[in-house]
Each structure stands twice: as C-alpha cells, then as structure tokens.
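Structure first, then comments.
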Amino acid sequence: MSQIVLNNLSKRFAGVEVLHEVSLSIEKGEFTVFVGPSGCGKSTLLRCIAGLEEITSGTLDIGGTRMNDVDPAARGLAMVFQSYALYPHMTVAQNMSFGLRMAHRPKAEIDAKVAKAARILQLQPLLDRKPAALSGGQRQRVAIGRAIVRDPDVFLFDEPLSNLDAELRVQTRVEIAKLHQTLGNTIIYVTHDQTEAMTLADKIVVLRAGRIEQVGTPMHLYDDPDNAFVAGFIGSPRMNFLAANVTATGLQLGQVTAPLPALATTLAVGQQMQLGIRPEHLDQTDGVRLPVTVEVVEHLGATAFVHCRLDSGETLVAEQRETAARPGARLDLHFDIARARLFGTDGARVR
Amino acid sequence: MKTLVLSLALVTTALPAFATELTVWDWKSGDPAAAAYFAKAKEVFEAAHPGDTISYVMQPNDQYYTLLGTALASDGGPDLFLLNGGAQARARFENALPLDGKLGDLAANLAGTADFSEATGLYAVPLTIQGFVVYYNKALYADAGLDPAAAPKTWDDLAKVCAAFIAKGTAPCIALGNKEGFGMEFWFSAIAASLWTAQEQADFAAGNLAWTSPQVVAVLQGWVDANAAGWFPKGANSTAKFMDEYEGFMRGETGNTIGLISDVAHWKQFDEMLGAENVGVFMMPAPGGAAAKLPAAGGIGYAVNKKSPNADLAVEFAKTLASAEVLQVFFADAGAVTANTQMDTSSVTSEAAKTIFGWLATETVPMAHANASAAQLEELHRQSQTLLNGEVSVADAAAAMDKVGK
Amino acid sequence: MHWVVAVPMALLALSCVYPVFFTVNNALKDNKGYILNRFGIVQDPSVQNFVDAWGRAHLGEYLFNSVTVTLGAVVLLLLTSSLAGFALAMLRFPFRRVLFIVILASLMIPVQVVLVPFYRTMMGLGLINTRFGLILAYTAFFLPFCVYLMTAFYSRLPREMVEAARMDGATLLQIWWNIMLPMGRPALLTLGILNTLYCWNDVLISLLVLQKERTVMVGIAALRGEYTTNVPLLCAGIALAAAPIILLYIFFQRQIVDGIAVGAVKG
C-alpha cells in the first residue's frame, strides 16, 4: 500500500485555485521530488501534506489514515524549511530537542536521540552553539537534525539547498542522498532546480500552474517526456525546439529536410510541429545536418556549449565534447532523428 | 405600613451609629501651611459626630478641575469639594447643593458670599477673602531717594515713585510676572477697583460694560502707558508668575508688586524674606484722581455635591470648616484672611497686615476679573502680551475682548 | 573635524546633566536659601527636604505604590501585547486586519476624551482605590501601542519559525512562550522601558483611580501649590522619585543600550 495518497486535492487562496485536483501516490521509502517553475504550486502542495495549509477539497491519506484535518505534528512528518527556521535563541542541541521537549519526553530519551542525530550529521562539536555562530551548511544540517530527532515516517524538504552556495549545494545534495540511503525514510523534496530533481529523486513530479504535468523516474522523464514543458524543464541546458513542417517525405526544418522519426501516429502533410533536440544530442558526426552560424561558445572544460543561429533565425544550443567553433564561423551540426522528440504546436507529445 | 416606613426613617436619621465617611476634595490639605487647619476641622467634626470620619483627598492644583469634572460627570464625585470663587465656582454650581437656609447662624457672619452665589442662591460656603494690594520695598524706596513712610496714594504719586526708580536705574519700579502667559488680571482688577464706580463694577460683572467702553479702555491704556513709561522690568521671564514676580520681589530686585492678601498671604511671606520693617503696602491708584480702593472677592469655598448620599452631614462639615474656631488656625498658620467675620485678627503683629485688615473693613470693592469667564481670561492673557509688545492698539485689544463670549 | 561632533555632543550632554545638578543642588537648600540664590551652589547643605519629602509628603509610601503598580502594569502589558502581537502577526483568523485597524485607531483617542466613561467603568467594577485597578487601567491605556509595536516586530520574523514549531508539536501557547516571547526580546525591552516611564510618570490616571493612596508622581504634583511652590522640597521629591528609574537604568544599562541598538539595526 502506498504511504501517501493524494486524491483530487485542491487548494484555493481567497477564491484563487492554486492546486487543481492533484492526485498522486508515494510509496514507502521513496524519494519523491516536486519540481517546477516558481508559482507552480509545488511548495503549496508540500505544505498541504504537512498540514500547514488547509486542504480545500480532495483527500490526503498518510499510512492509510485520512489526514485532512489532523494536526501537523500528528501526521508523522518532519519538515526542513527553506530558511531552516532554526530558533535563534536556542543552542543547536535545544533546537534539535525542541519537539521532544514539547512532547515532554524523558530527558534520557531526548539526550540519546539528539546524540544520535548529531553523530549522523557530524554536529557533535556544535551542540552548544547558537545558530548565529554557524555557517549556512551547518545550519542546514541542524535543520535536518531537528527533523531526524523526531524519527518521522516522512521527511519533507522545502527547497533546502536554495540558500547555499553552488559548491555547498552539490556537497549537501550528496549528503541528503546518503542520508536517505541510511535512514530509508520516505522523502518528499521540493525544488525548482531540475539537477537536484534528477540527481536525488526516485520519482519526479513535474508541476505547472497547480497541475501535475508528469510523474516518473528521472530517466523516464528525460527520455520520454509527455509534453514540451516537461521535455524543456528536465535536462540542462534545456531542449532545443525547432519549428517543423510535415511534408510527404519527412519534416521540413527551415531549409533543412529531415526524415520522419518512427511514430505510431500518422501525421497529415502540412501539419505544424515542434521538433525537440537535446543539446547533448547535437554532437554527432552524421545524421541530419543543420548548418548554423556560431554566436557564442561557452567552454566548460570537458565540454562546451555552442550557441548557434539557424538560417531560419531560430537559435539553438549544442553541447560538444571537442569543438573548434569560433563566434561568427559557420558550422554543421548533426543529430540522430531517433533521439529527437516531436511535439504538437500545443506542446503535447506526438509518439 | 406607612407609619412603619416613617418610623424607620426617623430611626435611621436619629441613629448616629451609622458610621459615614465623608470624602472631601481640595488642592490645599497637603500644603504644610494649611495642614493644621484641615486637621483641626477633621478633629472638631469627628468629636461632634462620633463614628463619622473625614477623608481628605488632595488633588494637584493644575489637574483639580479636570478631575473634579470627570468625577462629577461620572456620579462618583466627593461629598464636598473646594472651589475658587467667581467663574470657576459658577461652572460647578449645577453639581452643588443650594445652601440657602442650611447654614444657620453662620450665614449672617459670612463675607464673600457673592462670589459663590447666583440669582438662584448660595452654592458654596466661602472660607477666605482674596484681594490685591501693592506691596513695596521700603529699603529700595530709600535707595531711590524716596520717603519709605510715604506710600503713593494717587496715580501721580506712583508716577513720581517710578520716575525716581528709573532715575536711580538699579531696580525696576513694578515687578511683572511671566510675560508669556499669566498676564494682567491682577493689574486689571487693581486699577479697575480704584477707577470704576460701584454701578460700573456691577455692569461689568453682569456683562453690560463693554471692553470697548471708556472705563475699561482706561484700564488697558494704563497698562500700555506704564510699560511705555518704563515702569516694568524688561526682557522675558522664565518661570511662572508667582515664582518669578514674587520671588524677585523677595530678593529685593523690584520696588513694588501687586500681591495677594490671603491664602498665600504675601504680607507674611514678604515680612519673612525682606524683614517686616522693609515691607510697605498701599492700594493701587488709578489714572485720574479717584481714591484708591482694595479689590476683594470670596477666595475659596466648599460646595456640597448635590448627589452625595450624605449631603446633610456634608453641610455640617462645611459649617465646621467655615467656623471661626477652626479658621483661626488657618489664619495663624497661613495668614489666610477668612470669610468668617467673627474671626479674631487682633493677634496679628505684621504692620502690613494690620493696614490691610483696616482697609478690608471699609475700602473693599469687587474684584473685576473674578467675574470674567475662563475664555475671557485666556484672551486677556494673550491681549496683555500683544499690548506690551505694541502689536495691537488698545482699541483693537478691547474689541478682541468683546468678541469672546462671557 | 572631530570637534564638529564633539562640541554639540558636549552641549547636549550638558543640557541633560544640568537639570539633574539643578535638582540635587536646590534640594539641599532651604526655601529662603533657594529664593535668594536660585542658581548658586548650595552653601550649607541639609537633607531636611529629603526627610520632609519622604515622611511628611508621604513619598516613601507613594514610592511603594508606584513600584507595585508600574511593575504589575509593565509585566501585564508585555505579556498581553506579545500574545496579541503573535496572534495578529503570525496566525490567520477572520477579521484579523479589521481587528488590527481597530486597535490602531484606538491609539488616536486622547485619554481626556474617555475619562468619564473610564471612571464610570472603574467605579462599576469596584476598582477605584485599588492598585490592581490602576494596573488594569495602565494596561488598557498603553496596550494599543504595545500591540501595534509587537505586531510590527513579529511581522518581520519568518513565519516559518512558527510553522517549524507547529511541526515540532508545540501548542500555540508553547510557541508563544518558547519562541515568540524570547524572540520578541528587543521589542519587549523597548516597550518595557517606555511603559515603565509612562506608568511611573503618569499623574492623571493615577489621580482618578488611586484617591486614598497615591503614586509618587502624584505626590510630586501635589507638592506644587496653587500659587507658590517650595522648590527645594519639590526638588527633593523629584530626586527621590527619579532615583529608582536611574538605578534601573544603571542596572540594566547594557541590556537597554543593546535593546535600542538591536531595534535600530534591525528596524
């Protein structure tokens, strides 16, 4: 049985619906990531699960129990906030033990749980410090420690890495992944960063404007997106979209002619389409040829992002391992039509 | 049944065993000079009414009328309350019990009742008589080449005195208090006393003598002329009138000052500070030839709250407060000139006081400003400043005064 | 360049210190000595005025009343305003904004306007002449500003802290006591200082409520006569009345300066 089940869950703020009948199942021990652009409702969805927002309609079940109206603390959850929300007047140990103290647990139990969490997160030397005396990464660990101490069935993370610098973000990301492997709890994690989603998730939930666009494993979403939004959101740099016109023999991309990929759907001649090509797939030596003018080259060491313009005026980015491209130079890009994805003008995937 | 109620009522009124506490408001009972008087009144009353007690509540003077108004409006006022005679008293008559026919023998022996009365009757028992005289520093008179024994009797005499002070140049002739605020009402009433006829005083009190009439304009003109002649000290003052004007006089900084005769008995204070031999007194003359008079009015008096459940007992205590026996203490300690005409003042040793008491018997006339409303007094304060600054003419100031309602 | 700051600062300091000197200097004179020499240094100092003020003017008893009432009112004010500020800033409930505006609006009602209904209410509740009545009165009169300040202060704190505490299983009262109250320290300290001064210095409300017994500032006000004032006695009274506040400042100097500084930086 699924650990968390949302059924047609909706949320309205002052008459404005921000979540539209969301239905979702999350399995025990699964690391689920809610991802989407800002304002998509991912944080609201998390807060509805946490009990910090009331559910307007629909149902929320956790561990087989209806939780719509249950107090946040009684839902068996622990949450790590974006701002960490540490209590600045308490030491690290007091921060971590707050929930247990409020529940009047015996002191020995509190001490043992705090010590255990501190060991897992390597916080032992910091237990007597106040949050103001900690670095951003340390505060993050204390916030996680506070969640661990509660020994919850489900961890909720609300954009936990967004206040950290790039290097620390990568490091902490790995730590969270390790933590999940160690503890094995169910985790729901909200982020706007598709890299975090791809690297951490067992299951990604892509949201847009209060609706789920697609649910699946990272590779599933990467390889087989349901629509142009998911295709564009997952993967970095984002997928290139080129206008395509269906002809009798294939696809017309500006001056370039390409064969049709293998499709179950039959396309009408003259139909307008969008062809999605990921930048990393434009590093072929044969396949469809796209003559372009190089505009900017970003060297990242191992690879380079080549920003180009087609003769049709459309721009695209190619990721190339070795390139001699110079701005202003002409370049021929090649891609395998089997790796490209086709979408209708409404964004729906055409398979 | 009717008889039962009646007899019950008789029993209750006849039984003094119902211990009553009378609450009495004032702004004076904490004053060391008045404390013995208030204690004496309490003692005498409690001895005569066993079981009943007096509770004095002293309110700070500057908040007194605000608090009294609030308490009375809330039906939570004291049984008795002290009032200043004149306009302040009249503003509270609606809350006071009419006392006509309630004071017994005392009624015949009270002076100053006019300032606690309206056409509808007497509303408070006066305790003291207040009045203005001019005190002068005999030592400074001698310094200026004047005869210390010859007090000015006419406006021309006063002009000569001031001319001598100006010629000497060490001390201003007439002390003047705080130029920004207290104003000229002492001057106004003192000059008016000597200038106006009894009919004119009555007309002014009734609001029938306009400020723009020649009689009132003459008083204002005297103020301007005296200033133009250099009788007053120059420059701004810093503290309130009493602290400034009288303390300066007590330091021997000015030759003459218009002062009080009662409550704060200036003769007593000045005798102490300057030495009795240096204190002289005269009645303020007025421009023209009229004989100088002493403006006097009921000073302070006690009203009974008409909503008091113990009004009868409160009237009794008011009578105790105004009795000659008790007031004797007030006179001895504070030099208060009492409203009870049966008071024995023969024990007084101050020459200045003896002179004043002599005048009180024969020379008193109404105190003009005591009949002005609070709004008029406020405007008078303002106009007196602008007159001294030369910002307005006397005619304009008088016209402005007429615009303020009584 | 430094004298551009130093000279005005020195003048400012002098303007603060001189009244204190004037008060103490004159408190040691007798009335005649004061009138004859108001601004000079006291010639033969005497503590008689202090003895008189303490005993005959009852300032000793009045001080006790002032301390009790001020302490009671300030504690009650801080507790209630931080509770209300917490609710208004952090919780969602119907008519929250309306309530806040009503509280704000009540800031604009001058005390004098409500004196009569206030006095009637106090009489009706039997609170006249009780210290508890005065504590309640001060709390009522000064509460709107305190609630406003606490609401404004708490509004700047992250709401997530309260949510974290809710996730931690704390009740609203536990959140207030364990989180909001300690977090509100800078604002509460500022309010504590302000309200201590307000309550200590109040004359009008105290006059109405405590008629049999008095607070010390009423005692001081009563030292000013209708016509004249014994200035040395008044000075002695003022020195006695100011002493507890000055001691308080000396004891809590660090916290007070910190409180103001923290408020200023974060404000």
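The values are calculated or read from the model by the stated rules, or taken from the named source; none is laboratory data. Note that this is a predicted model, so its numbers are computed, not measured. Note: ideal-geometry Cβ built from the backbone for every residue, glycine included; neighbour counts use all protein chains shown.
Considering region B:23-63 alone, what residues qualify as being at the interface with chain C (Cβ under 9 Å from one of its Cβ atoms) and in contact with a strand residue (DSSP E or B) (Cβ under 8 Å, 6 or more places away or on another chain)?
Correct list: B:Thr23, B:Trp25, B:Trp27, B:Lys28, B:Gly30, B:Ser55, B:Val57, B:Met58, B:Gln59, B:Pro60, B:Asn61, B:Asp62.
Here's a check for you: in region B:327-352, which residue that is assigned to a helix (DSSP H, G or I) and within 16 Å of the chain's Cα centre (by Cα) is surrounded by the most Cβ atoms within 10 Å (Cβ to Cβ)?
Taking the candidates together, the pick is B:Phe330.
If a residue has to be within 22 Å of B:Thr338 (Cβ to Cβ) and within 14 Å of chain C (Cβ to nearest Cβ) to count, how many in region B:87-107 make the cut?
Total satisfying the criteria: 1.
Collect the residues in region B:363-381 that are part of a helix (DSSP H, G or I) and in contact with a strand residue (DSSP E or B) (Cβ under 6 Å, 6 or more places away or on another chain), keeping them in residue-number order.
B:Ala370 - this is the single residue of region B:363-381 that is part of a helix (DSSP H, G or I) and in contact with a strand residue (DSSP E or B) (Cβ under 6 Å, 6 or more places away or on another chain).
So, of the residues in region A:260-277 that are hydrophobic (A, V, I, L, M, F, W, C) and in a loop (DSSP other than H, G, I, E, B), which turns out to be farthest from the chain's Cα centre (by Cα)?
Once the filter is applied, the top-ranked residue is A:Val269.
Going through region C:86-130 one residue at a time, which ones are more than 14 Å from chain B (Cβ to nearest Cβ), crowded, with 16+ Cβ neighbours inside 10 Å and in a loop (DSSP other than H, G, I, E, B)?
C:Thr130
Please enumerate the residues belonging to region B:256-290 that are assigned to a strand (DSSP E or B) and closer than 19 Å to B:Asp244 by Cα.
Result: B:Asn256, B:Thr257, B:Ile258, B:Gly259, B:Leu260, B:Val279.
Would you confirm, using the coordinates I've provided, whether A:Asp71 is more than 22 Å from A:Tyr189 (Cα to Cα) and either free of Cβ contacts under 8 Å to residues at least 60 places away in the same chain or buried (at least 18 other Cβ atoms within 10 Å of the Cβ) (or both)?
So A:Asp71 does not fit the description; no.
If you scan region B:35-55, which residues turn out to be surrounded by 21 or more Cβ atoms within 10 Å (Cβ to Cβ) and either under 16 Å from B:Ile300 (Cα atoms) or not charged (D, E, K, R) (or both)?
B:Tyr37, B:Phe38, B:Ala41, B:Phe45, B:Ile54
Taking helices (runs of 4 or more DSSP H) that fall entirely within region A:31-150, which contain at least 2 residues that are under 26 Å from the mean Cα position of the chain (by Cα)?
A:42-50, A:136-149
Please work out if A:Asp153 is within 9 Å of chain C (Cβ to nearest Cβ) and either among the charged types (D, E, K, R) or farther than 29 Å from A:Leu45 by Cβ (or both).
Against the criterion (within 9 Å of chain C (Cβ to nearest Cβ) and either among the charged types (D, E, K, R) or farther than 29 Å from A:Leu45 by Cβ (or both)), A:Asp153 does not qualify.
Is region A:186-209 home to any residue that is of a type outside the set (A, V, I, L, M) and at positive phi?
Checked region A:186-209: no residue is of a type outside the set (A, V, I, L, M) and at positive phi.
Counting only residues that are out of contact with any strand residue (DSSP E or B) (no Cβ under 8 Å at 6 or more places or on another chain) and within 14 Å of chain B (Cβ to nearest Cβ), give me the helices (runs of 4 or more DSSP H) lying completely in region C:174-267 with at least 1 of them.
Per the criteria, C:185-201, C:204-209, C:216-222, C:231-251.
Please specify each residue of region B:251-265 satisfying the condition of being modelled with pLDDT of 85 or more, at the interface with another protein chain (Cβ under 9 Å from one of its Cβ atoms) and surrounded by 23 or more Cβ atoms within 10 Å (Cβ to Cβ).
Answer for region B:251-265, where residues must be modelled with pLDDT of 85 or more, at the interface with another protein chain (Cβ under 9 Å from one of its Cβ atoms) and surrounded by 23 or more Cβ atoms within 10 Å (Cβ to Cβ): just B:Leu260.
Give region A:11-58 a look and list any residue that's under 25 Å from A:Thr182 (Cβ atoms) and basic (Lys, Arg), or say none.
Hit for region A:11-58 is A:Lys28, nothing else.
How many of the residues in region A:307-351 are out of contact with any strand residue (DSSP E or B) (no Cβ under 7 Å at 6 or more places or on another chain), aliphatic (A, V, I, L, M) and closer than 15 Å to A:Arg278 by Cα?
Residues that pass the stated criteria total 1.
I need the full set of residues from region A:188-221 which are under 25 Å from A:Val288 (Cβ atoms) and in contact with a strand residue (DSSP E or B) (Cβ under 9 Å, 6 or more places away or on another chain), in order please.
Of everything in region A:188-221, just one residue is under 25 Å from A:Val288 (Cβ atoms) and in contact with a strand residue (DSSP E or B) (Cβ under 9 Å, 6 or more places away or on another chain), namely A:Leu221.
Could you pull out the residue among A:Gln274, A:Gln284 that is surrounded by fewer than 19 Cβ atoms within 10 Å (Cβ to Cβ) and in contact with a Leu (Cβ under 9 Å, 6 or more places away or on another chain)?
None of the others qualify; the one that does is A:Gln284.
Please determine whether any residue of region C:170-185 is under 27 Å from A:Met79 (Cα atoms) and of a type in the set (Gly, Ala, Ser).
Scanning region C:170-185, I find at least one residue that is under 27 Å from A:Met79 (Cα atoms) and of a type in the set (Gly, Ala, Ser), so the answer is yes.
Output the residue which, of all residues in region C:153-173 that are surrounded by fewer than 22 Cβ atoms within 10 Å (Cβ to Cβ) and either within 23 Å of the chain's Cα centre (by Cα) or not in a helix (DSSP H, G or I) (or both), is farthest from the other protein chains (Cβ to nearest Cβ).
Looking at residues that are surrounded by fewer than 22 Cβ atoms within 10 Å (Cβ to Cβ) and either within 23 Å of the chain's Cα centre (by Cα) or not in a helix (DSSP H, G or I) (or both), I get C:Arg156.
Touching a Leu at 6+ places or on another chain (Cβ under 9 Å) and of a type in the set (S, T, N, Q) - does that describe any residue in region B:113-125?
yes
Just to confirm my filter: which helices (runs of 4 or more DSSP H) fall fully inside region B:31-101 and include at least 3 residues that are farther than 28 Å from B:His369 by Cβ?
B:32-48
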